[in-house]
Each structure stands twice: as C-alpha cells, then as structure tokens.
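J.: Below is one structure. I have some questions about it.
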Amino acid sequence: LTNAGFIIVDNTLKALQELAGKNRAKFKNPVIGITGSNGKTIIKEWLFHCLSKVKRVARNPKSYNSQIGVPLSVWLLENDNDIGIFEAGISQPEEMEKLHKIIKPTLGILTNIGEAHQENFSSVEQKIDEKLKLFKGCETLIYCKDHQLIDNSISTKSLDNDIKLFNWSFSQKSDLQ
C-alpha cells in the first residue's frame with residue numbers, strides 16, 4: 001500500500017474516541033442522546049423514522065452504543081445533517097463520561113433503569129448516576145417520573161441547574177400525563 005497513511009498511538013480506543021469527539025465538536029446542529037437499561041434502540045429508530053421525512057438525520061447503525069460503537073456512529077455526522085440521534089450504553093462505572101465527550105447531546109432522553117449490567121454497579125443508584133453523566137450540558141432532559149429512583153436522582157443530584165426537565169407519568173402530576 002503506497003497511498004496508505006498510518007498513525008501509531010498508545011491506545012487505539014482512546015484515539016478513536018478523541019477523533020470522534022473532534023468530529024462532533026464541528027457539528028453545530030442539535031444532537032439527541034439516549035440512554036437507559038432498555039428501549040434505547042427502539043426510541044432512536046422511532047425518532048429517526050419520524051424525523052427523516054423532513055430532516056437529514058445521522059444515527060447509530062443498529063445498536064452501536066458501546067465504547068467502540070458510539071465513536072464509529074458519531075463519525076457519521078456531516079455538515080449537511082440537520083440532527084444527530086445517538087444512543088449510549090454502558091456496562092460499568094466510568095464509561096459514560098467517555099461517551100458524553102463524544103455525543104455531547106443538546107437534548108437527552110433517559111428511557112428507564114433495569115437489571116441490565118447491574119452486576120458491575122454497587123447499587124441501582126450508582127448506575128443511574130453514571131447514566132445521568134450523558135446529560136451534562138444538555139438543554140433539555142426527558143424522562144418518566146414514575147421511575148421513583150430516576151426522579152429522585154434527577155431531583156437531588158448535580159445536574160446542571162439550567163437543564164430544562166420534561167417528564168411524563170401515568171400516575172402523578174407531571175409535564176405530560
């Protein structure tokens with residue numbers, strides 16, 4: 001290969017994540033970040049199908065929501081995209097901060113918290129706190145108020161004070177019932 005270029009790095013995953021973060025930083029249009037234990041891909045695909053009729057949308061292919069999948073997905077953002085929709089999945093502490101640096105969502109959706117990957121967290125509250133790291137700097141966060149642990153964490157944790165919260169509920173007073 002005479003036309004190939006090579007870059008030697010100490011950590012290929014970190015380099016991939018940093019490159020994707022640089023690509024994201026060039027993109028000025030809205031980005032939706034989605035996380036939770038279940039439902040991330042369904043919500044992402046539903047939003048894509050609703051929005052793609054009127055907007056040029058970049059999104060994760062399939063369920064590319066891991067430490068490798070997210071940077072590969074965000075790399076797909078181009079200047080002619082109107083919006084990006086990216087899901088982020090974690091399986092252990094300290095992973096979401098890395099994904100946040102790549103996605104940097106302007107609007108966040110927290111689907112739910114379930115048993116998935118619980119074995120790597122000391123408590124459900126720790127997992128919720130880790131997932132909430134995706135939404136640092138978001139303009140708006142959407143979540144279900146019926147998930148009491150999520151609602152408590154959002155109400156009492158150190159989310160940015162200027163994040164607008166939009167919640168829904170089947171049983172209690174909320175923004176949408």
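J.: State which residue is most open to solvent (accessible area, probe 1.4 Å) when the search covers only region 74-129 and only residues that are touching a residue at least 60 places away in the same chain (Cβ under 8 Å) and over 25 Å from Lys164 (Cα atoms).
T.: Out of the qualifying residues, it is Glu115.
J.: A follow-up question, please. Please verify whether Ser66 is surrounded by 13 or more Cβ atoms within 10 Å (Cβ to Cβ), of a type in the set (Ser, Thr, Tyr) and part of a helix (DSSP H, G or I), treating the condition exactly as stated.
T.: Details: surrounded by 13 or more Cβ atoms within 10 Å (Cβ to Cβ): yes; of a type in the set (Ser, Thr, Tyr): yes; part of a helix (DSSP H, G or I): no.
No; evaluated as a whole, the condition is false for this residue.
J.: Assigned to a loop (DSSP other than H, G, I, E, B), of a type in the set (Asp, Glu) and either touching an Asp or Glu at 6+ places or on another chain (Cβ under 7 Å) or farther than 17 Å from Asn38 by Cβ (or both), is that true of Asp146?
T.: On the way: assigned to a loop (DSSP other than H, G, I, E, B): yes; of a type in the set (Asp, Glu): yes; either touching an Asp or Glu at 6+ places or on another chain (Cβ under 7 Å) or farther than 17 Å from Asn38 by Cβ (or both): no.
Against the criterion (assigned to a loop (DSSP other than H, G, I, E, B), of a type in the set (Asp, Glu) and either touching an Asp or Glu at 6+ places or on another chain (Cβ under 7 Å) or farther than 17 Å from Asn38 by Cβ (or both)), Asp146 does not qualify.
J.: Keeping to region 10-54, report how many residues are closer than 17 Å to Ile109 by Cβ and basic (Lys, Arg).
T.: 2
J.: A further question follows. Consider Asn161 carefully, then state whether it is within 28 Å of Asn29 (Cα to Cα), polar (S, T, N, Q), in contact with a Phe, Trp or Tyr (Cβ under 8 Å, 6 or more places away or on another chain) and outside any helix (DSSP H, G or I). Reasoning before the result, please.
T.: Working: within 28 Å of Asn29 (Cα to Cα): yes; polar (S, T, N, Q): yes; in contact with a Phe, Trp or Tyr (Cβ under 8 Å, 6 or more places away or on another chain): no; outside any helix (DSSP H, G or I): yes.
No: the conditions fail for Asn161.
J.: Quick check on my filter: what residues within region 23-50 are without any contact (Cβ under 8 Å) to a residue 60 or more places away in the chain, part of a loop (DSSP other than H, G, I, E, B) and open to solvent by 50 Å² or more (accessible area, probe 1.4 Å)?
T.: Within region 23-50, Lys26, Lys28, Asn29 meet the criteria.
J.: In region 158-168, which residues are touching a residue at least 24 places away in the same chain (Cβ under 8 Å) and open to solvent by 90 Å² or more (accessible area, probe 1.4 Å)?
T.: Let us first name the residues in region 158-168 that are touching a residue at least 24 places away in the same chain (Cβ under 8 Å), namely 159-160, 163-168.
Matches in region 158-168: Lys164 only.
J.: Please work out if Lys53 is open to solvent by 100 Å² or more (accessible area, probe 1.4 Å), more than 30 Å from Asn120 (Cβ to Cβ) and in contact (Cβ under 8 Å) with a residue 12 or more places away in the chain. Walk me through how you get there before you give the answer.
T.: Values: open to solvent by 100 Å² or more (accessible area, probe 1.4 Å): yes; more than 30 Å from Asn120 (Cβ to Cβ): yes; in contact (Cβ under 8 Å) with a residue 12 or more places away in the chain: no.
No, not satisfied.
J.: Still on this model: Can you find, within region 120-158, the residue that is modelled with the lowest pLDDT among those that are among the β-branched types (Val, Ile, Thr) and out of contact with any helix residue (DSSP H, G or I) (no Cβ under 9 Å at 6 or more places or on another chain)?
T.: Thr156
J.: In region 97-120, what count of residues is obtained for those that are of a type outside the set (D, E, K, R), more than 22 Å from Leu47 (Cα to Cα) and in a helix (DSSP H, G or I)?
T.: Going through region 97-120 one residue at a time, the tally reaches 2.
The values are calculated or read from the model by the stated rules, or taken from the named source; none is laboratory data. Computed from a prediction, not measured in an experiment: that's the story for all the values here. Neighbour counts run over all protein chains shown; Cβ positions are idealised from the backbone, glycine included. Each accessible area value is taken on the protein alone, full model and side chains, heavy atoms only, with ligands, DNA and RNA left out. Shrake-Rupley method; radii C 1.70, N 1.55, O 1.52, S 1.80 Å.
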